[in-house]
Amino acid sequence: MAATKNKSNHTFFQKLKTFLWKAFLWFLGISFFFVLLYKWVPVPFTPLMVTRAIEQKFAGEEMTCSHTWVPIEEISPYIQKAVIASEDGTFLSHHGFDFSSMQKAIKNNERGKKIKGGSTISQQTAKNVFLWQGRNYLRKGLEAYFTVLIEIFWSKERIMEVYLNSIEMGNGVYGVQAAGNYWYQTDANNLTKIQAAGIAAILPNPRKFKASNSSSYINKRKGKIMQNMRYIGEIKY
């Protein structure tokens, strides 16, 4: 009986091992496929868009999702500079991760301060396009994995293009074209410096803050972002 039980357990673990290995290979194949696909194809929707729609449905609200993809050639250089100044000052030079900012975020967390500036534009893009929201270790690990992939297979220009077309920029507003229309009644390529700074200023919490008719806190952030934009020369990807 013991021998039969041991053989049964051995068979079970062998099957489990085979299943996990196949699942891992499938994951690698699917992830590589979508990373390579989105190197050229516009991202039609993100997991966050689906999540927000479900939240609105359960809250009894009207499901809204304003999202229009535009190529980077039709996106104002001001908004590109604004998000670099606001979100990721070393975007053009790092390889996906800003370890000094991550260390600062860890120290601030240990001191009980608000974490700020830990994630790069590349990391945010990986999270928005491929993953769900959250702060657990599994998601952070997958975020790092997808960040490495997009840094390898995509150009910095493509990362910026996908980022500016996919991030949440208001309640039910995704991407810079929808944000320009929503906040300033203008298109992405016509955004002025102050308008770009306004959109960048609300990115930490775009459903709470307003890019136009802003609070004093957001107006201060706008001013700081515009000041930092002066130190960013011509963007060369």
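The values are calculated or read from the model by the stated rules, or taken from the named source; none is laboratory data. For clarity, every value in this text was computed on a predicted model and none was experimentally measured. When we count neighbours, we look across all protein chains shown, and the Cβ atoms used for this are built from the backbone with ideal geometry, even at glycine. We work out accessible area using only protein heavy atoms, side chains counted, and drop any ligands, DNA or RNA first. Shrake-Rupley method; radii C 1.70, N 1.55, O 1.52, S 1.80 Å.
Accessible surface of the stretch 123-237, 1.4 Å probe: 50 percent of it comes from carbon and sulfur atoms. Using the 1.4 Å probe convention, the accessible area of the chain works out to 60 Å² per residue with neighbouring protein chains retained. Counting Cα-Cα pairs of the stretch 8-81 in 10 Å increments starting at 0 gives whole-percent bin shares of 14, 22, 25, 22, 11, 4, 1.
Run the Debye formula on the Cα coordinates of the chain, all scatterers equal and no solvent, and tell me log10 I(q)/I(0) at q = 0.08, 0.15 1/Å. Results for the chain at q = 0.08, 0.15 Å⁻¹ read -0.36, -1.07. Of interest is the spacing of the C-alpha centroids, which for the stretch 113-179 and the stretch 11-53 amounts to 17 Å.
Between 0 and 90 degrees, the angle of helix 99-110 with respect to the longest Cα principal axis of the chain falls at about 80 degrees.
Only protein heavy atoms count here; under a 1.4 Å probe, LYS193 has an accessible surface of about 70 Å². Largest accessible area first, the residues TRP26, TRP154 order themselves as TRP26, TRP154 under a 1.4 Å probe with ligands, DNA and RNA left out.
Assuming a ≥ b ≥ c are the square roots of the Cα gyration tensor eigenvalues, decide whether the stretch 165-209 counts as rounded (a/c under 1.5), prolate (otherwise, with a/b larger than b/c) or oblate.
Details: a/c = 1.82, a/b = 1.31, b/c = 1.39.
Verdict is oblate for the stretch 165-209.
All other residues with a Cβ under 10 Å from the Cβ of ILE121 taken together, and with Lys, Arg as +1 and Asp, Glu as -1, what is their net charge?
Working: positive: LYS156; negative: GLU87, ASP88, ASP98.
Local charge sum for ILE121: -2.
Can you give me the angle between helix 137-153 and the longest principal axis of the chain, using Cα atoms only, in degrees from 0 to 90, rounded to the nearest 10? Helix 137-153 sits roughly 70 degrees off the main axis of the chain.
How much net charge surrounds GLY180 when only other residues with a Cβ under 13 Å from its Cβ are counted (Lys, Arg +1; Asp, Glu -1)? Numbers along the way, then the final one.
Working: positive: none; negative: GLU74, ASP187.
Overall, the nearby charge balance is -2.
Judged by the gyration tensor of its Cα atoms, with axes a ≥ b ≥ c, the stretch 110-215 is oblate; a/c meets the 1.5 cut and b/c is at least as large as a/b.
Specify the longest stretch of the chain that does not include any exposed loop site, a site being one of the GluC sites (Glu not before Pro) with a non-H, G, I, E, B DSSP assignment and at most 14 other Cβ atoms within 10 Å.
On the way: sites that count: GLU61, GLU62, GLU234.
With GluC sites (Glu not before Pro) excluded where exposed in loops, the chain gives 63-233 as its longest stretch.
Projected label points at TRP26 and TYR231, each 7 Å from Cα along the beta carbon direction, are separated by 4.9 nanometres.
Computed from Cα positions, the angle between helix 121-130 and the longest principal axis of the chain comes to roughly 60 degrees.
So what's the net charge close to PRO71: Lys and Arg +1, Asp and Glu -1, counting the other residues with Cβ under 12 Å from its Cβ?
Working: positive: ARG158; negative: GLU73, GLU74, GLU157, GLU161.
In short, -3.
Approximating the spin labels as points 7 Å out from Cα along Cα→Cβ, the ARG135-to-THR186 distance works out to 3.6 nm.
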